[in-house]
Amino acid sequence: MTQRPAQHSSALPPLAALTAPTLSWNDTSPHSDAFDDLYFSREDGRAETEHVFLGANRLPERFAEWQDTRAFVIGETGFGTGLNMLCAWACFEQHAPAHGRLHLLSTEKFPLDREALTRALSAWPSLARYSQVLCALWPDAVSGVHRLHLSERVTLDLHFGDTTERLNLLEGQVDAWFLDGFAPSKNPDMWQPELFEAMAARSRPGATFATFTCAGIVKRGLKAAGFHWKKVPGFGRKREMLAGGIESPTEDVRRSATPWFTPPAHRDAHHVVVIGAGMAGSSVAAALAKRGKQVTVIERDAPGAGASGNRQGALYVKLAVETNHQSRVYLAGLLYSQRWLGQLAAAFPQEPPLWQPCGVLQLALSDKEANRQQRFMANHPLPESVVSAQSDALSSLAGVPVSAAHGLYYPQAGWVQPKTLCEQLLQHPNITLRQGEVSALQQTQQAAKTAQWQVTLAHGETLQADHVVVATASLANQFAQTAELPLQQVRGQVSELTLPEGTQGPEKVVCAGGYVSPAVDNVLTFGASFVPNNATTQVVEEEHQRNIDELRQALPAWVAALEASGVALTPQHLKGRAAVRAASPDKTPYAGPVPNAAAWQRDYAVLSKDASKVPPIIGEHHSGLWISTAHGSRGLASAPLCAEVIASRICDEPLPLEQPLIDHLHPGRRVISALVRAQ
Ligand code: SAM
């Protein structure tokens, strides 16, 4: 690694809805009006891509030789129509060995809308099987990282926003760069020295690049950042282009102010033990199994036996009025889960479906809440396809009269059957589910590269693993290594009411104090109670009554009509289920490596005297030990994305969130804040 000047700060830019570009079309070929440039060559865009980006990066050869267990990573500046990335995917399918995996990441400040994307890609019938997948998964135009699982072995992270800004937030390293983006003369703002510096800092040693241009600003910028380059023949009438690489990427200095969050050194993973088969454990097991890891899931009861075992679970979020890191994690999680659940439901068709994206309404039952929602909308420039403010249409959307005059509508959210979801996630040939209770964890080799974990079950049997992921909700801090993690137990009870045949119930998930989902098989599920510091699980009438009161508040006219028709809405007539959820003191999940809390307390003790004195010591972790917990009652929005965070880290791949959000999820954050608070 070479020491070069510090890179840009990694502060998170404001959340933004991105604007689609204004395009002029020549049949299926788009032209950008703002940049006055073409997205791809009208003559033979695909051949040009193959020559410039694939050929000059030697991708066919490198794919064919790829033996690594980690994914090969391609980074691109300017996704545009996706032609380059789809060609790379097709090339990978053609040349890479069956076990190989490909990770694509691309920035885009002006994403095409789905219609334009579909039209542009229709120019390439030979890529239809790839472009159909991309168009189906195409995300909303919201700034941030959008992870798309293009196939079992190909992932695409779309980093929506300005290229340089996004690369400075990227947590990950690239093997080959596609340096695209309109011609430097048409788009000088992008081709600045900071762009090349950001690329140099996110490259693996030996990373290559290719670009169609030979402009002086590009040659100078690349050289100054540490890349070598040479001119090679261009495509068609273009005489020359540039290709090259970097042997000694720039050191990542972004964590100098927070050295404790420096991720632990990577080490191989063949066998991973996941403890707990709720949403957190099942999703992390599935994410690892997909990456070719052997996973043993150890569950005390059965999949979804805890808080993930209700008949229905709503996918919804409650975002803060002012955008903060926590809301951004949840927003990213919501958008990710919506896409992920859609793919899972298609892969596991059943009746009723695993995932029902019926839409979620959040009612404002008080002026204070209405005001909060209005301020939230003013602060969050989100597209209507993500969330919109509603008033007159609330009852017609809900399908039943609602009591509120204002509300928020998340049209792509909905509900799932969490227990079935957990079971399906574990149906992977690389996953073995074992019933048992883990009583202790012990690291048997101290050297980080070879560290092994011994997992001891209550009856004395032991298992060996390279990595262990603890996903046991409120019990996650029961191990010696996790004991310092503050976790609160929160009891929640849902109520179930059997509706008379033919009753018209809510058509959306309706949230106010609690939530009510559309009925399944005439059973209406609503709740849930919220009782902090209570770990009991028997169903109690008092909490049924609380759930009834909340249902009555949200849908008074509907409840009155139901009672008038003879339905007795009393605790005695309800069934239910209670479970214990886990929460962290700051209500953000814990997802990441487990810190060695004693070492942190020792190494960073000075923070308790002067928080500005940051010792230049890298945070010590229990190498190979990970945790995903504290998902509270929003696990459907947070657990799947947290699973990707952990699996990506274990597999040494780019992460699906901006670096500050990865740090925000870090399980060690409370150790540091406790030291700082002691000041
Ligand atoms: N790689 C694309 C493909 O395969 O279709 C073509 C890229 S097109 C020539 C250039 C793209 O860069 C456009 O989509 C444009 O919106 C995007 N772009 C331009 N300036 C940008 C910037 N500063 N940050 C991110 N994207 C940018």
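General observations
- Among (1) assigned to a strand (DSSP E or B); (2) closer than 14 Å to PRO654 by Cβ; (3) within 13 Å of the ligand (Cβ to nearest atom) - the single one ALA210 does not satisfy: (2)
- Boolean, ALA389 is in contact with a Leu (Cβ under 7 Å, 6 or more places away or on another chain), among the aliphatic types (A, V, I, L, M) and surrounded by fewer than 20 Cβ atoms within 10 Å (Cβ to Cβ): yes
- The set of residues in the stretch 36-70 being within 14 Å of the ligand (Cβ to nearest atom), in contact (Cβ under 8 Å) with a residue 12 or more places away in the chain and open to solvent by 40 Å² or more (accessible area, probe 1.4 Å) consists of ASP36, TYR39, ARG42, ASP44, ARG46, GLU50, HIS51.
- Selection from the stretch 495-514 of residues that are under 33 Å from the mean Cα position of the chain (by Cα) and either modelled with pLDDT under 95 or outside any strand (DSSP E or B) (or both): GLY505, PRO506, GLU507, LYS508, ALA512, GLY513, GLY514
- Residue under evaluation ILE650, criteria (1) farther than 30 Å from LEU335 by Cα; (2) in contact with a Leu (Cβ under 8 Å, 6 or more places away or on another chain), criterion not met: (1)
- Here ALA224 meets the list (1) assigned to a loop (DSSP other than H, G, I, E, B); (2) of a type in the set (A, V, I, L, M, F, W, C); (3) in contact with an Asp or Glu (Cβ under 9 Å, 6 or more places away or on another chain); (4) open to solvent by 30 Å² or more (accessible area, probe 1.4 Å) almost entirely, failing just condition (1).
- Members of the stretch 181-193 that are within 13 Å of the ligand (Cβ to nearest atom) and in contact with a Lys or Arg (Cβ under 9 Å, 6 or more places away or on another chain): MET190
- Only one of the numbered conditions (1) more than 21 Å from ASN84 (Cα to Cα); (2) within 12 Å of the ligand (Cβ to nearest atom) is not met by GLY216, and that is (2).
- Considering the stretch 324-357, and only residues there that are surrounded by fewer than 17 Cβ atoms within 10 Å (Cβ to Cβ), outside any helix (DSSP H, G or I) and among the polar types (S, T, N, Q), the residue that is nearest to the chain's Cα centre (by Cα) turns out to be ASN324.
- Taking the stretch 584-608 as the range and being open to solvent by 10 Å² or more (accessible area, probe 1.4 Å) and either more than 22 Å from VAL468 (Cβ to Cβ) or assigned by TED's automatic domain parsing to the domain that holds GLN493 (or both) as the test, the residues that pass are PRO585, ASP586, LYS587, GLN601, ARG602, ASP603, ALA605, VAL606, SER608.
- Residue among VAL297, VAL273, VAL317 that is in contact with a Leu (Cβ under 7 Å, 6 or more places away or on another chain), in a loop (DSSP other than H, G, I, E, B) and either of a type in the set (Gly, Ala, Ser) or open to solvent by less than 20 Å² (accessible area, probe 1.4 Å) (or both): VAL317
- Residue count for the stretch 480-520, restricted to those that are without any contact (Cβ under 8 Å) to a residue 40 or more places away in the chain and out of contact with any helix residue (DSSP H, G or I) (no Cβ under 9 Å at 6 or more places or on another chain): 3
- Meets criteria (within 12 Å of the ligand (Cβ to nearest atom) and open to solvent by 20 Å² or more (accessible area, probe 1.4 Å)) for ALA141: yes
- Boolean, PHE63 is assigned by TED's automatic domain parsing to the domain that holds ARG237 and under 19 Å from GLY292 (Cβ atoms): yes
- Within the option set PHE178, PHE160, PHE196, being within 14 Å of the ligand (Cβ to nearest atom) and closer than 26 Å to HIS666 by Cα holds for one residue only, PHE160.
- Across the stretch 89-121, the number of residues qualifying as open to solvent by 60 Å² or more (accessible area, probe 1.4 Å) and either within 9 Å of the ligand (Cβ to nearest atom) or outside any helix (DSSP H, G or I) (or both) comes to 5.
- Every condition in (1) in a strand (DSSP E or B); (2) open to solvent by 10 Å² or more (accessible area, probe 1.4 Å) is met by LEU524 except one, and the failing one is (2).
- Among residues of the stretch 358-412, those that are assigned to a strand (DSSP E or B) and more than 23 Å from TRP340 (Cβ to Cβ), counted: 6
- Selected residue (criterion: most open to solvent (accessible area, probe 1.4 Å)) from residues of the stretch 163-175 that are more than 15 Å from the ligand (Cβ to nearest atom) and part of a loop (DSSP other than H, G, I, E, B): GLN173
- Boolean, PRO263 is out of contact with any strand residue (DSSP E or B) (no Cβ under 6 Å at 6 or more places or on another chain), surrounded by 15 or more Cβ atoms within 10 Å (Cβ to Cβ) and either small (Gly, Ala, Ser) or over 21 Å from ASN57 (Cα atoms) (or both): yes
- The residue pairs whose first member lies in the stretch 658-679 and is among the aliphatic types (A, V, I, L, M), whose second member is part of a loop (DSSP other than H, G, I, E, B), and whose beta carbons are closer than 6 Å, counting only pairs six or more residues apart or on different chains, are ILE662/GLU171; ILE662/LEU655; LEU675/TYR604; VAL676/ALA611.
The values are calculated or read from the model by the stated rules, or taken from the named source; none is laboratory data. Source: prediction; values computed, not measured. FYI the Cβ positions are ideal-geometry reconstructions off the backbone, even for glycines, and counts take in every protein chain you see. Just the protein is used for accessible areas: all its heavy atoms, side chains included, with ligands, DNA and RNA removed. Shrake-Rupley method; radii C 1.70, N 1.55, O 1.52, S 1.80 Å.
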